[in-house]
Amino acid sequence: MPSHRLTRAAVLLAAGTLLFANALSPAHADTDTFGPLPPHNPYAGPDGTSTMHGDTGSSDATPLPGPGTGPLTSRRIALQSACPTILVGSDGYPVALCTPILTRIPTVHLLDPATGNSVARLSLTKGSLLGGVYAYLDDRDRLVAVDGDNTLLRIGHRQKAGGGQELYVDRALSLDTAVPEGDAVTGLAPDWRGRVWFATGGGVVGTADETTGAVRSLALPAGERVENSISTAPAGTAVATTHATYLLTAGADGTPVVSWRRAYDRGPARKPGQLSHGTGSTPTFLGPGDGTDYVAVVDNASPTVNLLVHRTDTGAQVCSVPVLLSGGSGSENSPVGAGRSVFVASTYGYPYPALPENAGDSEPASGDFTGGLSRVDVRADGSGCDLKWDTVVRSSAVPRLSTADGLIHTIVRGSVLPGSDATSLLDPYSYVQIDPGTGRVARSTYLGLSSLYDTLQMVGTIAPGGVVYQGTITGVVRVEAR
């Protein structure tokens, strides 16, 4: 899942003992050169760490290198919260948006860059279970989020007079005029004019201009929900509903305008390991020109899903390629995109502790978490796409591609029964580096076992210095060089 829907999950905790080790060959960087990444958004924080998916184009790639090839160490920071969003500002401070297990009140944590420990916290107004998960850092290292009162907040941090750090609300703007009663904001991102774009679960897309206070909105067709976040590029804002992919621009007064709409095969029902009936993708901008030539999503076709790539300017379909052929063919995650390459990870059969109220029955009713990872390359002349490799990797997080070290970084979920696809509360988890040229795991480091380490398909963030922060169902895991 992109961790966005974590607040809906009831948490199952278990303890146990099990020895697990997995030592593979040292990491080997792929010889491919990936990029360019989407251009820097002047109203967002550092590239690679300003949004859940790295940048406002949702590339799920980063220009920062991972922890290197030497010995690694890891530690779990227990926050008694599920932490889907971990961002890092230009000052080096990680900011985590978490949902406590007991209260479900969204809480912002400022983390110590040296240890990962929480040094300040701020609770937000509780609203719908879906609200308060997606956020981004702006160009002043402020966390931009929407609380349960449908208020757009900019949350800064500063040193207190008596020492220590504090979080505070620096700016607030109500979105009540655009968000219908009972609805909630599911995703937001800045555009290149400084407006904040947002989308609600009920299918409303809007813009907020904090300079003038103007909030404008557009209701997408009835029955279309937005269950994932949104992405922005200089050409417009990409939104994937449960029925179609859109590119929108804004009119003179900021009102959203549909530039193009492309329906996709949403299949007969939700698949096991998905949280809604439709795509699980936050749209991904990628391309060999300026990094936003194309928009990619994964459909929900049955029995095999397809990677769909559209031209950003016209919406013309470049390709539809079957993916996740070796493992479970279904994905709740945003594709990873850089240059002409796209990577798709399977979530089919992932054992979420609970499902959203409106998720509906899955078809089939259940499935094993086999895993799966595919690479697709767009042809240089844009005439189509080719499946480069397809393999089975039980990634339990949204993978992150580093264009600096040429590796894919993620967390994999093992099994207490070697060779089995069965899952349990005692499963082991490992941080892995994957060679994007072959799809093979090049290196693996054991993190821990039990649901305390369950990464629940959340996104990891690579911070400066090669430190990996990965949200879990109970806090954060930090991986770094010894």
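Quick notes on this structure:
- Only residues that are of a type outside the set (Gly, Ala, Ser), in a loop (DSSP other than H, G, I, E, B), under 19 Å from residue 387 (Cβ atoms) and touching a residue at least 40 places away in the same chain (Cβ under 8 Å) were counted in the stretch 280-310, giving 1.
- Cβ-Cβ under 6 Å pairs, at least 6 apart or on other chains, the stretch 320-331 side in a loop (DSSP other than H, G, I, E, B), far side surrounded by 24 or more Cβ atoms within 10 Å (Cβ to Cβ) and of a type in the set (D, E, K, R): 330/271
- Yes/no for residue 303 being within 24 Å of residue 454 (Cβ to Cβ) and surrounded by fewer than 22 Cβ atoms within 10 Å (Cβ to Cβ): no
- Verdict on residue 206 being in contact (Cβ under 8 Å) with a residue 40 or more places away in the chain and of a type outside the set (S, T, N, Q): yes
- Residue in the stretch 254-266 that is touching a helix residue (DSSP H, G or I) at 6+ places or on another chain (Cβ under 9 Å) and among the acidic types (Asp, Glu) present: no
- Considering residues of the stretch 80-108 that are assigned to a strand (DSSP E or B) and small (Gly, Ala, Ser) only, the residue farthest from residue 166 (Cα to Cα): 82
- Residue within the stretch 147-170 that is out of contact with any Lys or Arg (no Cβ under 9 Å at 6 or more places or on another chain), closer than 24 Å to residue 462 by Cα and loosely packed, with under 15 Cβ neighbours inside 10 Å present: yes
- Verdict on residue 141 being closer than 22 Å to residue 284 by Cα, of a type in the set (Asp, Glu) and surrounded by 19 or more Cβ atoms within 10 Å (Cβ to Cβ): no
- Exclusive hit being at positive phi and either small (Gly, Ala, Ser) or buried (at least 20 other Cβ atoms within 10 Å of the Cβ) (or both), set 289, 267, 280: 267
- Test: residue in the stretch 305-326 that is more than 30 Å from residue 235 (Cβ to Cβ) and not charged (D, E, K, R): yes
- Filtered by the rule that a residue be of a type in the set (Gly, Ala, Ser) and under 18 Å from residue 407 (Cβ atoms), the stretch 46-63 gives 48, 54, 59, 61.
- Condition check for residue 411 on (1) of a type in the set (A, V, I, L, M, F, W, C); (2) out of contact with any strand residue (DSSP E or B) (no Cβ under 7 Å at 6 or more places or on another chain); (3) at pLDDT 95 or above: one failure, at (2).
- Search result, residues across the stretch 384-407 that are within 19 Å of residue 49 (Cβ to Cβ) and buried (at least 23 other Cβ atoms within 10 Å of the Cβ): 397, 398, 399, 400, 401, 402, 407
- Against the test of being out of contact with any strand residue (DSSP E or B) (no Cβ under 6 Å at 6 or more places or on another chain), within 24 Å of residue 296 (Cα to Cα) and small (Gly, Ala, Ser), the options 341, 331, 346, 395 yield a single qualifying residue, 346.
- Matching residues in the stretch 413-452 - criterion: being touching a residue at least 40 places away in the same chain (Cβ under 8 Å), of a type in the set (A, V, I, L, M) and part of a loop (DSSP other than H, G, I, E, B): 416, 422, 425, 426
- Leading residue by the ranking (surrounded by the most Cβ atoms within 10 Å (Cβ to Cβ)) among those in the stretch 37-80 that are over 18 Å from the mean Cα position of the chain (by Cα) and among the hydrophobic types (A, V, I, L, M, F, W, C): 79
- Among the conditions (1) within 18 Å of residue 78 (Cα to Cα); (2) in a strand (DSSP E or B); (3) among the hydroxyl-bearing types (Ser, Thr, Tyr), the only one that residue 455 does not satisfy is (2).
- Members of the stretch 207-259 found to be of a type in the set (Val, Ile, Thr) and not in a strand (DSSP E or B), listed by number: 211, 212, 226, 230, 241, 242, 255
- Strands (runs of 3 or more DSSP E) enclosed by the stretch 336-409 - at least 1 residues per element that are under 21 Å from the mean Cα position of the chain (by Cα) and not aliphatic (A, V, I, L, M): 336-338, 341-345, 373-378, 400-402
The values are calculated or read from the model by the stated rules, or taken from the named source; none is laboratory data. As the structure is a computational prediction, the values presented were derived from the model and not from experiment. Virtual Cβ from ideal backbone geometry, glycine too; neighbours counted across all protein chains shown.
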